[in-house]
Structure formats: structure tokens, C-alpha cells
Amino acid sequence: RLLTFPKVLQQTFGKINDLKQKLGGLLTQFAGLLQQSGTTPDQLFDKIESAKKTIDVVNRQFQDPDATTFVCVAIPEFLSLFETERLVQALAKHEIDTHNIVVNQIHFLDKDCVDCKKCQARWKMQKKYLDQIDELYEDFHVAKCPLLENEVRGKAGLEEFGKLLTTPRPE
């Protein structure tokens, strides 16, 4: 819905502008009502036109890959993968660049959990979806981040997490 909002507003403003041209005389008769609020019809339409121009600029920025790119964040589970694919398709439909995906909360099998049956089961399930992500998004930059022991908080935590995004981890 958010992606279609600029287009809906553009269409609405276009219809308002058409009405202004068709009903210009009638609007001047209602000018007295608007002037009671301190706004003339011309001021109102100037504000609408200004908003339309701003929306046009924002829309162009969204569609300019040098200005905007969308980074999808997912976890290696069915629903997340499904929703990520829907998002990628919607962004493509609206000509918004996306070629980065962060796969978060991966439960890699570290040496301290090799004997844990729950850890092995979680890894097996996530590995299936990681393989699907690799296949679906082979042309994307996919960053795979491990499940962390603590929540990422503060500048130092963000800097550490940033390193995870830029340093590939062998599976």
C-alpha cells in the first residue's frame, strides 16, 4: 500500500485539477466559504500543486537506483521467504531497486552445539531455506548473519553487527 500511495495521490490531485478547470466558476461562488477559513481557492490549489510536485520528486527518488535501494531483511523460514519474494516482486513492479537481502538469526552449527539435537534440527530446517534463498537470489548480494546471544543495542553493538553484514561467513 505504501508503494502505491504516491501514484494514488498523483491520480487524486489530477482529478482535483480537472474539477478545478471544469467547475472554476462554481468554485468562485464558494470562495466566500473558503475565505472564512483564511484560504482562497487559488491558495488551496497552489498547495495541492506544491504537494503534487513534492510527491513527484519523492517518486523519482524511489525509482532512481543511485539515490535509493531497498534492503530486504528475512529469516530462514518459510513465511519470511514467501513475504520477501512478494516484497521483491512489488518493488520490481514499482521500479524500485532492490538487490540486497539480509538473512538474519541463522543458527549456524558451532562447535559448542554440534551434539545438540535441537540445534541440529534448527540448522537442518534453516539450511533448506538458505539453499532456496541462494537459488532464488543468485544475482543479489545476500548477507547471512548468525543468531546472536544478545540483542543489538547501542553504537558498539551496531558496529559489530555491521561487520557481520560485510564479512562473509563460511557455512
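The values are calculated or read from the model by the stated rules, or taken from the named source; none is laboratory data. Computed from a predicted model, the values in this text were never measured in an experiment. Counting neighbours? That spans all protein chains shown, and the Cβs are built from the backbone with ideal geometry, glycine included. Protein only, heavy atoms only, side chains kept; ligands, DNA and RNA dropped before computing areas. Shrake-Rupley method; radii C 1.70, N 1.55, O 1.52, S 1.80 Å.
Quick notes on this structure:
- Residue within region 134-144 that is among the aliphatic types (A, V, I, L, M) and free of Cβ contacts under 8 Å to residues at least 40 places away in the same chain present: no
- Of all residues in region 48-88, those satisfying the criterion of being touching a Ser or Thr at 6+ places or on another chain (Cβ under 6 Å) and open to solvent by 60 Å² or more (accessible area, probe 1.4 Å) are Q61, F62, F70.
- Scanning region 118-132 finds one or more residues that are modelled with pLDDT under 95 and either under 30 Å from K7 (Cβ atoms) or in contact with a Cys (Cβ under 6 Å, 6 or more places away or on another chain) (or both).
Residue by residue, here is whether (1) outside any helix (DSSP H, G or I); (2) aromatic (F, W, Y); (3) exposed (fewer than 14 other Cβ atoms within 10 Å of the Cβ) holds:
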position: D112; (1), (2), (3): no, no, yes
position: D115; (1), (2), (3): yes, no, yes
position: R122; (1), (2), (3): no, no, no
position: D131; (1), (2), (3): no, no, yes
position: E135; (1), (2), (3): no, no, yes
position: K144; (1), (2), (3): yes, no, no
position: V152; (1), (2), (3): yes, no, no
position: A156; (1), (2), (3): no, no, yes
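- Count of region 97-122 residues, restricted to those that are closer than 14 Å to P65 by Cα and in contact with a Leu (Cβ under 7 Å, 6 or more places away or on another chain), is 1.
- Of all positions in region 95-116, at least one carries a residue that is modelled with pLDDT under 95 and more than 27 Å from R169 (Cβ to Cβ).
- Sole exception among (1) open to solvent by 30 Å² or more (accessible area, probe 1.4 Å); (2) closer than 24 Å to V8 by Cα; (3) in contact with a helix residue (DSSP H, G or I) (Cβ under 6 Å, 6 or more places away or on another chain) for K93, by number: (3)
- Hits in region 99-108 (condition: buried (at least 17 other Cβ atoms within 10 Å of the Cβ) and either in contact with a Cys (Cβ under 6 Å, 6 or more places away or on another chain) or assigned to a strand (DSSP E or B) (or both)): I101, V102, V103, N104, I106
- Residues in region 122-147 that are touching a strand residue (DSSP E or B) at 6+ places or on another chain (Cβ under 8 Å) and not β-branched (V, I, T): Q126, L130, D134, Y137, F140, H141, A143, K144, C145, P146, L147.
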